[in-house]
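The values are calculated or read from the model by the stated rules, or taken from the named source; none is laboratory data. This structure is a prediction, so every number in the text was calculated from the model and none was measured. Here the Cβ positions follow ideal geometry from the backbone for every residue, glycine too, while neighbour counts run over all protein chains shown.
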Amino acid sequence: MDDLNVRLFGGISISEGQNLTADTFYQQAQAALYEAEHSALEQLKLYNPNTHNAMVDRLRFQTEIRTALDRKQFTVFYQPIIDLHGRTIVGKEALIRWKHPVRGILTPGHFLTTAEQGGFIEEIGEFMLHEVCSQHKSWEKHGHDLGWVAVNISANHFRSPHFPSRVQSILHTYGTPPNLLRIEITEDAMLSPTPEAIYNFQEVRNMGIRIAIDDFGTAYSTLDYLVRYPMETLKIDRTFIDDIDHDSRTAGLVRSLVGIGKNLSMAIVAEGVERSNQLDILQAMGCTEAQGYLFSRPVPWEEYPQVALELEKR
Ligand code: C2E
Ligand code: MG
Ligand code: MG
């Protein structure tokens, strides 16, 4: 007989001295139970009005994100990526923004975690792929050649079973050549990959799409995955690049990260380059590409061709 793994959860509400109605009493216990079910540590929870309010806020924000998706309030910004050898723009990264009707333009730090918790991350990923392919098609019609584009895909989305076929169908819809697209995933997608992640990884590469490891250096405990799953690009996280021109130990670390990439024949993109000092150091280290405010902030997609043109003239 198979073993059964049973876990019990409990939510506790105390009505003593509070004069709670039966309904409120029950709702509080339900809220505590919900928390227990979502807690990594405790299977038994006592009702806490603060965490309850936080939960209600989160659910409200999730509803707002749902509405924003339906009302097409999300949009794409692009940030150019520069080849350090010829100092020309070779591609760009697509970054999501929320044109919030009250709060203005919101960066992903404000909403992405909640969107992921609310189950919207695949819809967001597909939205970005659609927008990016459609914008490139219209730029191509106007005679702009703006290089490749990198799209961020969350680890959960990347390992979902329909991912490769959905990407294939989006590329087909807009007639986008697969080598125009790079997919950026963070290390956690490939650190201890599920069979689905490995399958999708191979499928996506077989389609001719390149894969980049984003925020490289922030999470790894083993580098084994770089050898096992060959990818084209490493993106060194901004936290390292920040200190590279005034901290010799960080500079030493970045030199080593660049070395790893070079020895595996990968392109190495430095993220968050803000000062020309940093650029000189990175170039001397053999870093191949860079991205950062030094060249351009992310700009709305409508403005990107003009910004890229101006930047090329500099
Ligand atoms: P990321 O993929 O590592 O993107 C680079 C982030 O660094 C962007 O932040 C960019 O605006 C910022 N950045 C670039 N150059 C500089 C610089 O010189 N200085 C500073 N201080 N920052 C710089 P952003 O757009 O806020 O995005 C944050 C993160 O959100 C991204 O990090 C990515 O992980 C995620 N993200 C963005 N768009 C999407 C998306 O469409 N889908 C998913 N799943 N994630 C996304
Ligand atoms: Mg990225
Ligand atoms: Mg990054």
> How many residues are away from ligand 2 (no atom under 16 Å from the Cβ), aliphatic (A, V, I, L, M) and modelled with pLDDT under 95 if we restrict to region 226-252?
Replying inline: 2
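Inspect all residues belonging to region 212-234 and state whether any of them is under 23 Å from C133 (Cβ atoms) and basic (K, R).
If we filter region 212-234 for residues that are under 23 Å from C133 (Cβ atoms), which is where we start, we get 212-214, 231-233.
Filter once more, keeping what is basic (K, R): none.
The answer is no, given that none of the residues of region 212-234 is under 23 Å from C133 (Cβ atoms) and basic (K, R).
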> So which residues in region 151-191 are polar (S, T, N, Q) and either closer than 26 Å to T222 by Cα or within 16 Å of ligand 2 (Cβ to nearest atom) (or both)?
Replying inline: N152, S154, N156, S160, T186
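Would you confirm whether any residue within region 131-143 is within 16 Å of ligand 3 (Cβ to nearest atom), outside any strand (DSSP E or B) and either under 18 Å from Q306 (Cβ atoms) or of a type in the set (S, T, N, Q) (or both)? So that I can check it myself, show each step before the final result.
Within region 131-143, the first condition is being within 16 Å of ligand 3 (Cβ to nearest atom), and the residues that meet it are none.
No; the residues of region 131-143 include none that is within 16 Å of ligand 3 (Cβ to nearest atom), outside any strand (DSSP E or B) and either under 18 Å from Q306 (Cβ atoms) or of a type in the set (S, T, N, Q) (or both).
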> Of all the residues that make up region 217-241, how many are more than 11 Å from ligand 3 (Cβ to nearest atom), under 15 Å from I185 (Cβ atoms), of a type in the set (A, V, I, L, M) and not in a helix (DSSP H, G or I)?
Replying inline: 2
>> Take the residues in region 7-64 that are of a type in the set (D, E, K, R) and in a helix (DSSP H, G or I); name whichever of them is modelled with the highest pLDDT.
In response: E64
> Of the residues that sit in region 83-115 and are basic (K, R) and out of contact with any strand residue (DSSP E or B) (no Cβ under 7 Å at 6 or more places or on another chain), which one is nearest to ligand 3 (Cβ to nearest atom)?
Replying inline: R87
> Among the numbered criteria (1) surrounded by 14 or more Cβ atoms within 10 Å (Cβ to Cβ); (2) under 27 Å from Q291 (Cα atoms), which single criterion is violated by G143?
Replying inline: (1)
>> Please go through region 186-209 and give me each residue that is buried (at least 20 other Cβ atoms within 10 Å of the Cβ), at pLDDT 95 or above and among the aliphatic types (A, V, I, L, M), ordered by number.
In response: V204, I209
> Pairs under 7 Å by beta carbon, first residue within 18 Å of L59 (Cβ to Cβ) in region 16-44, partner basic (K, R), six or more apart or different chains?
Replying inline: A32/K45; E35/K45; A36/K45; S39/K45
> Which residue out of W98, W148 is within 16 Å of ligand 2 (Cβ to nearest atom) and over 13 Å from the mean Cα position of the chain (by Cα)?
Replying inline: W148
> In region 278-304, what residues are surrounded by 15 or more Cβ atoms within 10 Å (Cβ to Cβ) and either in a helix (DSSP H, G or I) or over 24 Å from the mean Cα position of the chain (by Cα) (or both)?
Replying inline: Q278, L279, I281, L282, Q283, M285, W301, Y304
> Would you pick out the residues in region 74-88 that are in a strand (DSSP E or B), over 11 Å from M128 (Cβ atoms) and of a type in the set (A, V, I, L, M)?
Replying inline: I81, I82
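Do the conditions hold for R255, that is, is it surrounded by fewer than 21 Cβ atoms within 10 Å (Cβ to Cβ), more than 20 Å from the chain's Cα centre (by Cα), modelled with pLDDT of 95 or more and not in a loop (DSSP other than H, G, I, E, B)? Spell out how you get there, then give the answer.
Numbers: surrounded by fewer than 21 Cβ atoms within 10 Å (Cβ to Cβ): yes; more than 20 Å from the chain's Cα centre (by Cα): yes; modelled with pLDDT of 95 or more: yes; not in a loop (DSSP other than H, G, I, E, B): yes.
Here the answer is yes, as R255 does meet what is asked.
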> What residue, among those in region 89-121 that are outside any strand (DSSP E or B), free of Cβ contacts under 8 Å to residues at least 40 places away in the same chain and not aliphatic (A, V, I, L, M), is farthest from Q168 (Cα to Cα)?
Replying inline: R103
> Pick from A54, A32: which is touching a Lys or Arg at 6+ places or on another chain (Cβ under 6 Å), of a type outside the set (D, E, K, R) and surrounded by 10 or more Cβ atoms within 10 Å (Cβ to Cβ)?
Replying inline: A32
>> Tell me the residue from L264, L223 that is farther than 22 Å from G91 by Cα, more than 14 Å from ligand 2 (Cβ to nearest atom) and in contact (Cβ under 8 Å) with a residue 24 or more places away in the chain, please.
In response: L223
>> Give me the residue from region 200-214 that is closer than 17 Å to P161 by Cα and away from ligand 1 (no atom under 16 Å from the Cβ) and, out of that set, nearest to the chain's Cα centre (by Cα).
In response: F201
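Residues of region 161-216 being assigned to a loop (DSSP other than H, G, I, E, B), of a type in the set (S, T, Y) and touching a residue at least 40 places away in the same chain (Cβ under 8 Å), which ones?
Step one: filter region 161-216 for residues assigned to a loop (DSSP other than H, G, I, E, B), giving 161-162, 175-177, 187, 192-194, 207-209.
Retained after the next criterion (residues that are of a type in the set (S, T, Y)): 176, 192, 194.
If the condition is that a residue be assigned to a loop (DSSP other than H, G, I, E, B), of a type in the set (S, T, Y) and touching a residue at least 40 places away in the same chain (Cβ under 8 Å), then T176 is the only one that fits.
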